[in-house]
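Notes follow once the structure below has been shown.
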Amino acid sequence: MTQVVTVSANTAAYAMETLKPSQRVSGNTLQYEQTRMLHEEAAKSTDNHVKALVNVIKPPSLALYFLTSGSSHQRQASLKEVMDAYNEAGA
């Protein structure tokens, strides 16, 4: 013989909460922190090896700036411009 147990949705959700995987930690924060620490160390150091590493390993934000600096960014249209274009296209 089997027994059927009814459970409310709230109770089931509470029980399932422990089975959910934990949130992933971003790997970028560690990369930014390590790069920043390397730059600080190079500023204080007289070792040419460390300074050479800093020249090779650029901060990601700086690299992203140079990668996207050549792209042309389009200006966003205002609500009035969008409404006018929509009305012209529909008319």
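The values are calculated or read from the model by the stated rules, or taken from the named source; none is laboratory data. Here the structure is a predicted model, which is why all the values come from computation and not from measurement. Cβ: placed from backbone, ideal geometry, glycine included. Neighbour counts: every protein chain shown.
Things worth noting here:
- Any hit, the range 64-74, residues being loosely packed, with under 10 Cβ neighbours inside 10 Å and modelled with pLDDT of 80 or more: no
- Hits in the range 75-87 - residues which are in a loop (DSSP other than H, G, I, E, B) and either surrounded by 10 or more Cβ atoms within 10 Å (Cβ to Cβ) or at pLDDT below 80 (or both): 75, 77
- In summary, residue 20 fulfils each of the numbered conditions (1) touching a helix residue (DSSP H, G or I) at 6+ places or on another chain (Cβ under 8 Å); (2) at pLDDT 75 or above with the single exception of condition (1).
Every residue, every condition in (1) exposed (fewer than 10 other Cβ atoms within 10 Å of the Cβ); (2) of a type in the set (A, V, I, L, M); (3) in contact (Cβ under 8 Å) with a residue 12 or more places away in the chain, yes or no:
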site: 2; (1), (2), (3): yes, no, no
site: 5; (1), (2), (3): yes, yes, no
site: 11; (1), (2), (3): no, no, no
site: 16; (1), (2), (3): yes, yes, no
site: 21; (1), (2), (3): yes, no, no
site: 29; (1), (2), (3): yes, no, no
site: 36; (1), (2), (3): no, no, yes
site: 39; (1), (2), (3): no, no, yes
